[in-house]
Structure formats: C-alpha cells, structure tokens
1. What list of whole percents do you get for P(r) of the chain, with Cα-Cα distances grouped in 10 Å bins up to the one holding the largest distance?
2. Under the definition of Cα pairs under 8 Å and six or more residues apart, what whole-number percent is the relative contact order of the chain?
3. Given the options Pro20, Pro87, Pro152, which has the most mean-square fluctuation in a GNM of the chain, springs set between C-alpha atoms less than 10 angstrom apart?
4. Would you pull out the residues with amide H under 5 Å of Ile162's amide H, same chain only if 5 or more places away, H placed 1.01 Å from N?
5. Near the amide H of Phe111, under 5 Å away, which other amide H atoms are found, from residues 5 or more places off or on another chain, if H is placed in the peptide plane?
6. State the number of lysine pairs found in the chain whose Cα atoms come within less than 23 Å, restricting to pairs 8 or more positions apart or on distinct chains.
7. With springs only between Cα atoms under 10 Å, which of Ser223, Ser155, Ser77 fluctuates most in a Gaussian network model of the chain?
8. Springs between alpha-carbon atoms under 10 Å, Gaussian network over the chain: tell me which of Ala212, Ala58, Ala169 tops the mean-square fluctuations.
Amino acid sequence: MTNDSRPFLDPGKAAAFLEPLTRLAAEAGAAILAVNRSSMTIDGKADGSPVTQADLAADRVIGDGLAELSLDIPTLSEERLHLARPPYTGALFLIDPLDGTKEFVAGRQEFTVNIALIVDGTPLLGVVGAPALGLLWRGLVGHGAERLEIKPDFSIGKVTPIKVRPTPAPGEAWIAAVSRSHGDLRSETFIASRPGAVRQEFGSALKFCRVAEGQADIYPRLSPTCEWDVAAGHAVVVAAGGSVADSQGRPLYFGGRRQDFIIPEFIAWGDRAAAS
C-alpha cells in the first residue's frame, strides 16, 4: 500500500493491536538473542551506523508477523527504508527491529525492539522490548502503560501497571536519563540547568521506559535522531502520563514529513506540568 491510500484507523480500535504487537516484540527479541554475537556478520549503512544479522532477523520476524495479521496499514522499518514512500498519513506501523545496535555489538544488554502504531502523525501505541533484560514496556495513549516480565521461553510473565512520577520537590535531585553512546552539548546544558541533577546512562529506548515507570524525570535529546528511535517510547511515556515534545513544547510528528525521517530534538518529561 502506498501513502496515497491514507489508511484510516479508529483510535478506539487500536487496543486490539496491543497483544499481537507485544507477541511480535517478544518473538523478535528471541530472534536477536539466538544470534551469536561473537561470530555474526556486521555491515555498515550509508550513514556509518552498523547493521547485523540480529537486526535483519528481528526485522523479518516483525515484518512477517504484521503480514500475517492481514492489516491494511503500511509498515516502515529502519531496515527497509528503500521501500518507504513518505509522507505517510492516516495509520502507520513504525519499527526499529534492534534499537541500540552499538550496545548489542559491544556485548551490552541495553538494546530494544521498538514497535509503534502511528495515527495521523502521532504515536498512539508503543511496545519496547528489552530481550536481554527479560522486560517489555507497552502503552496505549489514553489507556495506560505497563511493564511486563518476559519468561525464558519468551512467554509473558508478570504484568505491572506503570506511571510517571511527579516533579521533584525543591531540594530533591532530578534524575535525567541520558544516552550511553550519543551525548550532545545542548542536552548536557539542559540537564545542568537543573541544580543537582543526577545523570543515569542507558542505551536505546530504555531511557523512555525509565521515565515512563517513574525511575527518571526527564530524557532530553537535543540533537537529531530518527523517528523509529523515538516513536514507541514516545507512546509509552505519554500513555504513562508524561509528555514528549521539542524544546519549545511543540508536538513531534511522525511519518516522514521531514527529510530522512529526522526528529531534530525532543524532551521526554515525566511530569507534564514541568514541561509547560
């Protein structure tokens, strides 16, 4: 389907996708962990970022799974950009099959599977799986967010509702989630403007999840990144009661309105009131 088809999705029916997308994220995580990191093939993309057998294996699982659902909704994956026909309007599945490839290649555990459902340019549903940690976060805007434990057989275990926490009281330290691999001066300056702020480093979309579950107050990324890095986490934070916007408080838009699917900047806030 091309973007000209303007696929329509009633936001009220989006909840029906929550369980299938959760299952696909868990299955994609299993495919990633099945890859031997010590002997896998690592190639370079045009932008210099790495792509591995694990990225491609997870992408196949998700792509095949969405196809089996027989959905009349286009899919955009980081690993299949050559098929993209932006801008997209209406409904869109936006996927990063392995967010944090650098962390994965380095042998760390902080990589995720990101699947988002976009409706009219805004993330409505997001699933972020962290297979090496045995955890998955998901959220449907207007219906809340949850953290799920993933069992060794990749079935779903304990499910815990999550929500953001209030702004720190005067004298209390802000917790800022920051990138382990992608620091930038503007973000550091923003964090430094909050006296006593404590930086916590995480890879991939885990930073959004820490804000959503109340373990961090803010996650600033005041330098360019891509839509598929942001969309699923955006939905989880907003579903948990937070907000994600640019540095001026303006909403982000998804679906390729900007060239190369770039998000110039964003700040994820736990407490919406703090963003105003």
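No value in this document is a laboratory result; all are computed from the given coordinates. Model, not experiment: these values are computed from the prediction. Here Cβ is always computed from backbone atoms with ideal geometry, including for glycine, and neighbour counts include all displayed protein chains.
1. Values per bin, smallest distances first: 7, 32, 38, 20, 3, 0.
2. Working: 643 pairs, mean separation 48.8, N = 276.
That works out to 18 percent.
3. Per the Cα network of the chain with a 10 Å cutoff, Pro152 tops the list.
4. Ala145, Glu146, Arg147
5. Amide H neighbours of Phe111: Ala132.
6. Values: Lys13/Lys163; Lys45/Lys102; Lys102/Lys207; Lys151/Lys163; Lys151/Lys207; Lys158/Lys207; Lys163/Lys207.
Taking the Cα cut-off of 23 Å, the pair count is 7.
7. Ser155
8. Maximum fluctuation in the GNM of the chain, among the listed residues, is at Ala169.
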